[in-house]
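Inspection log for the structure reproduced underneath, given as structure tokens.
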Amino acid sequence: MSWEGWVAVVAGALALLSLLLVLVLLVRQRELRRRIESPGSARSARALRLAREIEGSGQLVAFVANPSKPDVAHLRAAVLRLCAEQELPEPLWLETTVEDPGVGQTREAVERGADVVVAMGGDGTVRAVAEGLVGTGVPMGLMPLGTGNLLARNLDIPLSDPLAAMRVAVEGRDRTIDVGWLRVQRWESDVHDDVAEAADDLPDDGDVPRDHIFLVIAGVGFDAAMVADADEQLKARVGWIAYFVAGMKHLHGRRSRVHVRLDDQPVTTTRLRSLLIGNCGKLPGGITLLPDAELDDGWFDVAAIDTRAGIAGWAQLFGEVVLQGVGVRNDLPAKIGRIDHTRAQEVRLVVPGGDHVQVDGDVVGRVTELTARVDPGALVVRVPTS
């Protein structure tokens, strides 16, 4: 074959190779576009966030708002205006429903590329948004509009100025915290938790155990009964004081017999008023029930609360709470009102007679057997810079 023929063959081969390369690039480009435009893709969400970062267009803020809170309608216009003033993209506004208190809305926000998801409501809304954000790395902001606002108190988020809280959500620093999961081991069908039910596809009337998220405190006994009996109208008028009014009804209630196992330690049996499993310890009214609890230490602080001798025991217990809040511990034996503290990463509890259980102020119901485990560093939250 002449050299002209060889040149023609080589040229043809190069042309064919070039065509194949173009086809491969076109296929890859279409696949990349599909991934970026697909709303259900975690990769697309990351790609959208990265694109905004490169373009310098600012954070995409998503608000998961509970429309039953009286201030939400007025705050919507204010947050839109604030985002515009800070030259942020138009925020996502997703409202909770009776069927879904915020889990699905949060997952949608993440899929749409939100850089931060703000829980706008009470403790139930915070639990729902956290449920949707666990493990995603997307931070949660807080605009507290509830009665207890438990997590916001422990993170020093402004409680009476929603727009100041929003600025923390936009301008604050990211902090990784632990998450608690409570599981009802028996008779899940007898309990009710909107957040847990919105998070999975299990039937609501089934007995398959499911996880119930909490970020602050889960409690069994007196505290849960107090929350269960708090009057909603009174809560709307006087806030967290309604819980103390409800608690007065249970001061003469019975002590529960419980079997407790902490991590791999032997089971102990005792009688008590409440068992608290806490990730942090500040409560309304300046009360600190768990003074040693830290949100990011990978441990639960567990408090066994007991009283005897009627009102005298409760009076001594209240004194114990006040003293430990200022760093003073009373370790004298034979007290008629006491709080015993310990730590664990997993708690197993059996209450043969059954008792009320609450997670961050949401009453789950009466249970006879449960476990609680800590999930270290599972959630990112936005907190004040100082």
inquiry  = Can you pull out every residue in the range 205-224 that is modelled with pLDDT under 85, surrounded by fewer than 23 Cβ atoms within 10 Å (Cβ to Cβ) and not acidic (D, E)?
reply    = G206
Scope the range 139-169; condition under 23 Å from L289 (Cα atoms) and among the charged types (D, E, K, R); matching residues = R153, D156
remark   = Filter the range 334-350 for residues that are assigned to a strand (DSSP E or B), modelled with pLDDT under 95 and open to solvent by less than 50 Å² (accessible area, probe 1.4 Å); the one that is nearest to R308 (Cα to Cα) is G337
query = Considering the range 197-206 alone, what residues qualify as being out of contact with any helix residue (DSSP H, G or I) (no Cβ under 8 Å at 6 or more places or on another chain) and either under 21 Å from E346 (Cα atoms) or not in a helix (DSSP H, G or I) (or both)?
reply = D200, D201, L202, P203
inquiry  = Condition (residue is under 30 Å from G206 (Cα atoms) and not in a helix (DSSP H, G or I)) applied to the range 143-162: is it met by at least one residue?
reply    = no
key: Candidates D174, D161, filtered to the one that is among the acidic types (D, E), under 17 Å from the mean Cα position of the chain (by Cα) and surrounded by fewer than 16 Cβ atoms within 10 Å (Cβ to Cβ)   = D174
message = So if I check each of G124, G137, G102, G113, which one is of a type in the set (G, A, S), within 11 Å of N66 (Cβ to Cβ) and surrounded by fewer than 24 Cβ atoms within 10 Å (Cβ to Cβ)?
response = G124
task = Give me a count of the residues in the range 332-370 that are out of contact with any Ser or Thr (no Cβ under 6 Å at 6 or more places or on another chain), within 23 Å of L283 (Cβ to Cβ) and free of Cβ contacts under 8 Å to residues at least 40 places away in the same chain.
result = 4
ask   = of a type in the set (K, R), at pLDDT 95 or above and within 23 Å of Q345 (Cα to Cα), is that true of R186?
value = no
task = State whether the residues of the range 70-85 include one that is open to solvent by less than 50 Å² (accessible area, probe 1.4 Å), modelled with pLDDT of 95 or more and small (G, A, S).
result = no
query = Can you spot a residue in the range 310-331 that is open to solvent by 20 Å² or more (accessible area, probe 1.4 Å), at pLDDT 85 or above and within 28 Å of D229 (Cα to Cα)?
reply = no
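The values are calculated or read from the model by the stated rules, or taken from the named source; none is laboratory data. Owing to the predicted nature of the structure, the values given are computational and were not obtained by experimental measurement. Every residue, glycine among them, receives a Cβ derived from its backbone with ideal geometry; neighbour counts consider all protein chains shown. Calculation scope for accessible area: heavy atoms of the full protein, side chains included, ligands and nucleic acids excluded. Shrake-Rupley method; radii C 1.70, N 1.55, O 1.52, S 1.80 Å.
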